Amino acid sequence: MDIRNVPLAAEKMKAKIADQSQLGFGKHFTDRMLVAEWKTGQGWHDARIEPYGPFVLDPSCSVFHYAQEIFEGLKAYKWADGRVALFRPEMNARRFNQSADRLCMPDLPEELFLGGIKKLVALEQDWIPTLPGTSLYIRPAMIAVEPVLGVHPSKHYYFFVILSPVGAYYAAGFKPVDILVEDYYVRAVPGGTGEAKTGGNYASSLKAGLEAEKKGYAQVLWLDGREQRYIEEVGAMNMFFAYGKKIVTAQLNGSILSGVTRDSVLKLAPTLGYEVEERRIDVNELVADIRAGRVTEAFGSGTAAVITPVGKLCYKDEVLQLSGGQVGEITQKLYDTLTGIQTGKLNDPFGWIQFVE
Ligand code: COI
């Protein structure tokens, strides 16, 4: 499908963020966005790159009432030789369609997802920050825009992609964050939408997140929705626990997001001499293992969060310290290797990088 380029007047172009150390996460947006539409009987059409700006939508649109929405997150990096790299974008394209299927939304051709992102990022490449730890965050999304209040799948959708120059997801940067294990609210249940990247999952996590923040924790670690016993994920990250040279993460079970960074850690770690294991992790066993010093490090993984060290875990009022509150050796090694591949400082033996243009 052709992607039209709607001209952008020079005077509409915004000033780039001068101090890249102050970017934060998702606060600034580039000059252009990609938009395409889908209608029953017509399929995908009218793909265009147009000036970034508000949508005019009917207040009755399904997305506003029934949250028929999905999204993705990936990043672009400007390499020292000037090339622009995307990290495993085909994984996001695939997961986007898995989420679309769960939310009864139309399948998006991979060439529109990848081709559209590459064309948009190429046009906006001057926005990619280069300070270590920064990147251009790419946010594709699909929303239901049919103006009707009946509860059924919409007959009209927008696919759009916006770009945001970002620094670290957590304000403190690459420093240990403290996490509260949530033992009241649940994020997902078997058969629910936990595996899909849909806004509703995040909306329903806000209350727990806010209560955790009031207690001084960055985010909550969700337990399974049936027994509140097994470790699931942190919402913006999958979780890993190191037992000496072995790193363990929760196995995918339909209610955990299948993270691209999670998958990358599982493939990367064995090449660095670490054993990996995906299994059910009982929170009581985990707590006993931390108390006994068997868990030597913990970290989260995510596109936005990259690899984030965990300094403390609090479960039922017991505060458990990990790695003496410091960045553990495995966490540091995985962070350095992953970001090294993403930014072109290290070889990419996995074929994970795709270049723009
Ligand atoms: C990402 O890591 O890209 C995410 O989507 C997590 C987030 C909600 C910021």
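The values are calculated or read from the model by the stated rules, or taken from the named source; none is laboratory data. On a predicted model such as this, the values are computed, not experimentally measured, just so you know. All Cβ positions, even for glycine, are placed from backbone atoms using ideal geometry, and neighbour counts span all protein chains on display. Heavy atoms of the whole protein, side chains included, go into the accessibility calculation; ligands, DNA and RNA do not. Shrake-Rupley method; radii C 1.70, N 1.55, O 1.52, S 1.80 Å.
What's the carbon and sulfur percent of the stretch 177-343's accessible surface, probe 1.4 angstrom, rounded to a whole number?
On the way: 3200 of 6710 Å².
That share works out to 48 percent.
Using packing as a proxy for protection, rank 111-123, 276-288 so that the peptide with the highest average count of other Cβ atoms within 10 Å comes first. Don't skip to the end; give the middle numbers.
On the way: 111-123: 19.0, 276-288: 15.0.
Top of the packing list down: 111-123, 276-288.
Under 19 Å between alpha carbons, and skipping anything fewer than 8 positions from LYS197 in its own chain: which aspartates and glutamates qualify?
GLU69, GLU72, GLU90, ASP101, ASP107, GLU110, ASP224, GLU232, GLU233, ASP263
Placing unit charges on C-beta atoms (Lys and Arg positive, Asp and Glu negative, everything else neutral), compute the dipole magnitude of the chain about its Cα centre in debye, rounded to 20.
380 debye
Out of the total accessible area of the stretch 4-166 (probe 1.4 Å, heavy atoms of protein only), what percent is carbon and sulfur?
56 percent
In whole angstrom, how long is each semi-axis of the equivalent ellipsoid of the stretch 177-343, when you take the square root of 5 times every eigenvalue of its Cα gyration tensor and sort them from largest down? Before the final figure, lay out the partial values.
Values: eigenvalues 104, 69, 46 Å².
Three semi-axes, in Å: 23, 19, 15.
Heads up, I need the accessible area for THR339: 1.4 angstrom probe, whole protein in place, Å², nearest 10.
Roughly 30 Å² of THR339 is accessible to a 1.4 Å probe.
So what is the accessible area of the stretch 228-312 per residue, in Å², with the probe set to 1.4 Å?
Value for the stretch 228-312: 33 Å² per residue.
PRE reach from LEU149 (point 7 Å along Cα→Cβ): which of the stretch 52-85 fall under 14 Å by backbone N?
Hits in the stretch 52-85 for LEU149 at 14 Å: 59-62, 64-66.
Report the residue, chosen from SER264, SER99, SER60, that carries the largest GNM mean-square fluctuation when the chain is represented by alpha-carbon nodes joined by springs under 10 Å.
SER60
Accessible area per residue of the stretch 17-76 at 1.4 Å probe, in Å²? Write down the numbers at each step before the final one.
Values: 2760 Å² over 60 residues.
Value for the stretch 17-76: 46 Å² per residue.
With θ set to phi - 60°, apply the Karplus curve 6.51 cos²θ - 1.76 cosθ + 1.60 along the stretch 237-248 and write out the HN-Hα couplings as whole Hz, x wherever there is a Gly or Pro.
Per residue, the Karplus-derived 3J(HN,Hα) values read 8, 7, 10, 10, 10, 9, 10, x, 8, 9, 10, 10 Hz.
Cα to Cα, under 23 Å, and not fewer than 8 places away if on the same chain: which lysines meet these conditions relative to LYS246?
Correct list for LYS246: LYS175, LYS267, LYS312, LYS333.
Just round it to a whole percent: the fraction of Cα-Cα distances in the stretch 4-166 exceeding 18 Å.
Value for the stretch 4-166: 61 percent of Cα pairs lie more than 18 Å apart.
What translational diffusion coefficient, in µm²/s and rounded to a whole number, does the Stokes-Einstein relation yield for the stretch 207-258 at 37 °C and a viscosity of 0.692 mPa s, taking the hydrodynamic radius as the Kirkwood radius over Cα pairs?
269 µm²/s
Just round it to a whole percent: the fraction of Cα-Cα distances in the chain exceeding 31 Å. Walk me through the numbers before you get to the answer.
Values: 22783 of 63546 pairs.
I get 36 percent for the Cα pairs in the chain exceeding 31 Å.
Mean residue ellipticity at 222 nm from the helices of the chain, using -39,500 (n - 2.57) per DSSP H segment of n ≥ 4 over the full residue count, to the nearest 500 deg cm²/dmol? Please report the intermediate quantities before stating the final value.
On the way: 8 runs with 79 residues, N = 357.
Taking each H run of at least 4 residues, the total per residue is -6500 deg cm²/dmol.
What are the lysines whose alpha-carbon lies under 19 Å from the alpha-carbon of LYS78, with same-chain residues fewer than 8 places away excluded?
LYS16, LYS118, LYS119, LYS345
Using Cα pairs under 8 angstrom and six or more residues apart, how large is the relative contact order of the chain, in percent?
Relative contact order of the chain: 18 percent.
How compact is the stretch 150-206 by the rule of thumb for globular proteins, expressed as Cα Rg over 2.2 N^0.38 Å? Each step should come with its number before you reach the end.
On the way: Rg = 16.6 Å, N = 57, 2.2 N^0.38 = 10.2 Å.
Normalised Cα radius of gyration, the stretch 150-206: 1.62.
Using alpha carbons only, how many angstrom separate the centre of the stretch 133-179 from the centre of the stretch 42-119?
Using only Cα atoms to place each centre, the spacing works out to 9 Å.
How large is the dipole of the stretch 242-293 about the Cα centre if only Lys and Arg carry +1 and Asp and Glu carry -1, each at its Cβ, rounded to the nearest 20 debye?
That gives a dipole near 100 debye.
If you take the C-alpha gyration tensor of the stretch 227-304, multiply each eigenvalue by 5 and take the square root, what semi-axes do you get, largest first, in whole Å?
So the equivalent ellipsoid measures 18, 17, 10 Å along its semi-axes.
Nearest 20 debye, what's the magnitude of the dipole of the stretch 250-357 about its Cα centre given +1 on Lys and Arg Cβ and -1 on Asp and Glu Cβ? Walk me through the intermediate numbers first.
Numbers: 10 positive and 14 negative charges, 20 e Å.
It works out to roughly 100 debye.
Could you grab the relative contact order for the stretch 177-343? Cα pairs under 8 Å, six or more apart, rounded to a whole percent.
So the answer I get is 24 percent.
Using the Karplus equation 6.51 cos²θ - 1.76 cosθ + 1.60 (θ = phi - 60°), what ³J(HN,Hα) coupling, rounded to whole Hz, does each residue of the stretch 271-286 give in order, writing x for Gly and Pro?
3J(HN,Hα) across the stretch 271-286, in whole Hz: 6, 9, x, 9, 8, 10, 9, 10, 7, 5, 10, 6, 4, 5, 5, 4.
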